[in-house]
Amino acid sequence: MSKGEEGLTPEMERMFKKFDANGDGKVSKSELAEALRTLGSTSSDDVQHIMAELDINGDGFIDFHEFADFCRNNSGLMKDVSKAF
(Lines give C-alpha, C1' and ligand atoms only; values in the text may rest on other atoms or scores of the structure.)
Protein backbone atom coordinates (compact mmCIF):
# COMPACT_ATOMS: atom_id res chain seq x y z
CA MET A 1 0.00 0.00 0.00
CA SER A 2 1.39 3.40 -0.91
CA LYS A 3 1.82 6.14 1.66
CA GLY A 4 -1.12 8.03 0.16
CA GLU A 5 -3.43 5.06 0.73
CA GLU A 6 -2.47 4.34 4.33
CA GLY A 7 -5.30 4.84 6.75
CA LEU A 8 -8.06 5.06 4.12
CA THR A 9 -11.33 3.84 5.55
CA PRO A 10 -14.73 3.00 4.08
CA GLU A 11 -16.09 5.88 6.18
CA MET A 12 -13.80 8.36 4.39
CA GLU A 13 -14.97 7.05 1.04
CA ARG A 14 -18.63 7.24 2.11
CA MET A 15 -18.26 10.84 3.28
CA PHE A 16 -16.36 11.84 0.15
CA LYS A 17 -19.18 10.45 -2.00
CA LYS A 18 -21.66 12.58 -0.02
CA PHE A 19 -19.62 15.70 -0.74
CA ASP A 20 -19.06 14.69 -4.40
CA ALA A 21 -22.69 15.18 -5.41
CA ASN A 22 -22.21 14.60 -9.14
CA GLY A 23 -19.93 11.57 -8.69
CA ASP A 24 -17.07 12.86 -10.85
CA GLY A 25 -14.42 11.94 -8.27
CA LYS A 26 -13.72 15.48 -7.08
CA VAL A 27 -15.48 18.05 -4.92
CA SER A 28 -16.08 21.44 -6.50
CA LYS A 29 -16.53 24.66 -4.60
CA SER A 30 -20.31 24.50 -5.17
CA GLU A 31 -20.46 20.90 -3.90
CA LEU A 32 -18.44 21.90 -0.85
CA ALA A 33 -20.79 24.84 -0.24
CA GLU A 34 -23.83 22.55 -0.42
CA ALA A 35 -22.27 20.07 2.01
CA LEU A 36 -21.40 22.88 4.42
CA ARG A 37 -25.00 24.15 4.23
CA THR A 38 -26.07 20.66 5.33
CA LEU A 39 -23.76 21.06 8.31
CA GLY A 40 -25.20 24.48 9.15
CA SER A 41 -22.51 26.72 7.66
CA THR A 42 -23.50 29.00 4.79
CA SER A 43 -20.76 31.61 4.84
CA SER A 44 -18.92 32.04 1.55
CA ASP A 45 -15.86 32.87 3.65
CA ASP A 46 -16.12 29.43 5.26
CA VAL A 47 -16.29 27.80 1.83
CA GLN A 48 -13.27 29.79 0.59
CA HIS A 49 -11.25 28.99 3.71
CA ILE A 50 -12.00 25.26 3.68
CA MET A 51 -11.47 24.97 -0.07
CA ALA A 52 -8.07 26.65 0.25
CA GLU A 53 -7.11 24.36 3.12
CA LEU A 54 -8.16 21.10 1.43
CA ASP A 55 -7.24 21.81 -2.20
CA ILE A 56 -3.54 21.04 -1.77
CA ASN A 57 -2.64 20.97 -5.48
CA GLY A 58 -4.56 24.20 -6.22
CA ASP A 59 -6.61 22.82 -9.12
CA GLY A 60 -9.88 24.22 -7.75
CA PHE A 61 -11.21 20.80 -6.68
CA ILE A 62 -10.79 18.50 -3.70
CA ASP A 63 -9.86 15.01 -4.84
CA PHE A 64 -10.23 11.92 -2.69
CA HIS A 65 -6.60 11.88 -1.55
CA GLU A 66 -6.77 15.54 -0.46
CA PHE A 67 -10.02 14.75 1.39
CA ALA A 68 -8.52 11.64 3.00
CA ASP A 69 -5.43 13.57 4.14
CA PHE A 70 -7.70 16.14 5.80
CA CYS A 71 -9.72 13.35 7.46
CA ARG A 72 -6.57 11.74 8.87
CA ASN A 73 -5.28 15.07 10.16
CA ASN A 74 -8.63 16.12 11.68
CA SER A 75 -10.12 12.85 12.91
CA GLY A 76 -12.14 14.42 15.74
CA LEU A 77 -13.79 16.93 13.44
CA MET A 78 -14.48 14.27 10.82
CA LYS A 79 -16.22 12.05 13.39
CA ASP A 80 -18.63 14.92 14.01
CA VAL A 81 -19.09 15.48 10.26
CA SER A 82 -19.76 11.77 9.65
CA LYS A 83 -22.62 11.89 12.17
CA ALA A 84 -24.31 14.59 10.08
CA PHE A 85 -24.10 12.45 6.95
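The values are calculated or read from the model by the stated rules, or taken from the named source; none is laboratory data. Remember, predicted model here, so these are calculated numbers, not experimental data. We place every Cβ from the backbone using ideal geometry, glycine too, and count neighbours over all the protein chains shown.
In table form, for the structure just shown:
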{"item": "Qualifying positions in the stretch 37-68 - in contact with an Asp or Glu (Cβ under 6 Å, 6 or more places away or on another chain) and within 17 Å of MET12 (Cα to Cα)", "result": "LEU54, ILE62"}
{"item": "Matching residues in the stretch 22-35 - criterion: being under 22 Å from THR9 (Cβ atoms) and in contact (Cβ under 8 Å) with a residue 12 or more places away in the chain", "result": "GLY25, LYS26, VAL27, GLU31, LEU32, ALA35"}
{"item": "Candidate set: the stretch 1-26, residues that are closer than 12 Å to HIS65 by Cβ and not in a loop (DSSP other than H, G, I, E, B); chosen: the one modelled with the highest pLDDT", "result": "LYS26"}
